[in-house]
Amino acid sequence: MTESATLNRPAPCAVSPSVSAIAFDPEVIQSRIQMIRTTLYVVVDATGRIGVALDGEAAGDVIGMLPPLFPEWLGDRAFTEAHNVRFPYVAGEMANGISSRALVIAMGRAQMLGFLGSAGLTPPVIEENVLAIKAALDPLGASWGANLIHLPGQPATEHANVDVFLRHGVDRVSASAFMSLTPAVVQYSATGLTRRADGQIIRRNHLFAKLSRSEVAAVFMSPPPLEVLRGLVSAGRITAAEADLAAGLPVAADITVEADSGGHTDNRPLVSQFPTILALKRELETRFDYKQPLRVGAAGGLATPASVAAAFALGAAYVVTGSVNQCSTDAALSPAAKALLAGAGFADMAMAPSADMFELGAKVQVLKRGTMFAARATRLYELYRNYPDLESLPRSEREVLEKTYFRRPIEEVWQDTQRFFAARAPEQLDLAARDPKHRMALVFRWYLGRSSRWAIDGVADRVMDYQIWCGPAMGAFNAWARGSFLEPLANRDVVQIALNLLEGAAVLSRAQQLRALGVQLPVAAFDFRPRPLQA
């Protein structure tokens, strides 16, 4: 297409087919917008009308040509090449194994990337899942990954999880909830670095950093601190050669900008957040003279073709979905919880205290409709803030906790809590023995932790206590899927969701291209309806 010769219309180019084949009818134009794998011509007839013609049809003056637009091409080709996938699409990790081995395997077989929701799982359970995924996908040469969540106060567990990943060759890991670097995440990034004969540094392990703040993005986009590298070398966790190479590379080459999402979130709008971090990427690439550009992906709020198309239009190298995958047939979430998700609207979410960072006042976004979890968790945090220990709780408050929240005496809850932390983080019990307020926090965290497990297991008499991580994207997805084949839960497999979002994003991107060339589009041009698709 040539450059516009006037302020409002592109100049004609040299192709001239018959006017009779030009589509001016809105229904025909709508059908041609859907033909994303076919070249389209934008043509002006003798009366000045602008229409759409297909490759090989006749026309008058051609003012624009749109080559095929494949869903595979929406993102950064460097992303698909680096990760050996066909589509620039990631099914993100949902904790406690909700992003299950079945989900990861389904994504890998469809040549997309999925991350195991390993946060909240013990190292032996993570290892069991890793081995199952490897057995299914490694023979196919398919890519996949797992989650490494930050565990404040539990560095030994972080290292244990990294040890599982390194021991079994998990070469893609998504690091989430990190506010700063820890030795464990740097160890994973640096392990296996080598230099080719031509001088290029090759990564064995690919770290994705999922974050929502510029200051955190800067840490992961920069080389790791030398003191952290030296400490890892001294501890025998990486070699001196690996440390030397890591000192000139970003900790993570893939940065996932997480906007308003389910679970841990800052509730930031993607359209403000993403360009800011993309600009930071360009600044740091120049400052550190990186030989390979960083890749920045988008996550949070992505649940419709329009939102996915918007993310790619912002410059996203790849997109990551989360909330919508929880209601898929592949997710390890109970039918009762999936039914609640399928009934959610755009505004049916609330912020609630998180289990893993309860004492810090950190919050997660959860489903509000059909459950009392958000209100009850908030009340627990208020009690924690207002009283020094369990013994100081008013009798009336204690009775409500034991009858409604815990459904058992607080002493029994504490016994369960002791057994849990004795196996996972005994240092928490040592702290509780010295600090009664910390003991209260651990007891309250029992409820927060169990509530997500009740939703996963589908405990029938605990529906009102279900903790289901969910963002507004879930409501948007339900509205889009209503009346289509994706409305029934039985049809919502994770691959069909992905293919429809990508196909729809390509169709909407083409509609915008035609509109920018002056074509008057029908009302339905920006409404891609879900349909069964093959990869």
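The values are calculated or read from the model by the stated rules, or taken from the named source; none is laboratory data. Everything numeric here is computed off the predicted structure, so don't read it as measured data. Quick reminder, even Gly has a Cβ in these numbers, built from the backbone with ideal geometry, and neighbours come from all protein chains shown.
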Consider ALA362 carefully, then state whether it is touching a residue at least 40 places away in the same chain (Cβ under 8 Å) and either among the charged types (D, E, K, R) or surrounded by 14 or more Cβ atoms within 10 Å (Cβ to Cβ) (or both).
yes
For the range 108-203, which helices (runs of 4 or more DSSP H) that fit wholly inside it have 2 or more residues that are surrounded by fewer than 20 Cβ atoms within 10 Å (Cβ to Cβ)?
123-137, 155-167
Only residues that are crowded, with 19+ Cβ neighbours inside 10 Å and outside any helix (DSSP H, G or I): list them for the range 207-222, please.
LEU207, PHE208, ALA209, LYS210, LEU211, SER212
If I ask for residues that are among the aliphatic types (A, V, I, L, M) and farther than 26 Å from ALA476 by Cα, which ones from the range 279-318 would you list?
ALA279, LEU280, LEU284, LEU294
Considering ALA479, ALA524, which residue is at pLDDT below 95 and either crowded, with 19+ Cβ neighbours inside 10 Å or part of a helix (DSSP H, G or I) (or both)?
ALA524
Looking at the range 487-521 only, could you name the residues that are buried (at least 22 other Cβ atoms within 10 Å of the Cβ), part of a loop (DSSP other than H, G, I, E, B) and within 22 Å of the chain's Cα centre (by Cα)?
ARG492
Identify the single condition in (1) at pLDDT 95 or above; (2) out of contact with any strand residue (DSSP E or B) (no Cβ under 8 Å at 6 or more places or on another chain) that ASN161 does not satisfy, given that it satisfies every other one.
(2)
Test each condition in (1) in contact with a helix residue (DSSP H, G or I) (Cβ under 6 Å, 6 or more places away or on another chain); (2) within 30 Å of PHE528 (Cα to Cα) for VAL443 and report the one that comes out false.
(2)
Members of the range 420-441 that are part of a helix (DSSP H, G or I) and closer than 19 Å to ALA160 by Cβ:
PHE420, PHE421, ALA422, ALA423, ARG424, PRO426, GLU427, GLN428, LEU429, ASP430
Flag if LEU390 is over 23 Å from HIS150 (Cα atoms) and touching an Asp or Glu at 6+ places or on another chain (Cβ under 8 Å):
no
Filtered residue count, the range 445-476, keeping only those that are closer than 22 Å to GLY114 by Cβ and not in a helix (DSSP H, G or I):
4
Boolean, ALA241 is touching a Lys or Arg at 6+ places or on another chain (Cβ under 9 Å) and either under 18 Å from VAL162 (Cα atoms) or in contact (Cβ under 8 Å) with a residue 60 or more places away in the chain (or both)
no
Of the residues VAL185, VAL216, which single one is without any contact (Cβ under 8 Å) to a residue 40 or more places away in the chain and β-branched (Val, Ile, Thr)?
VAL216
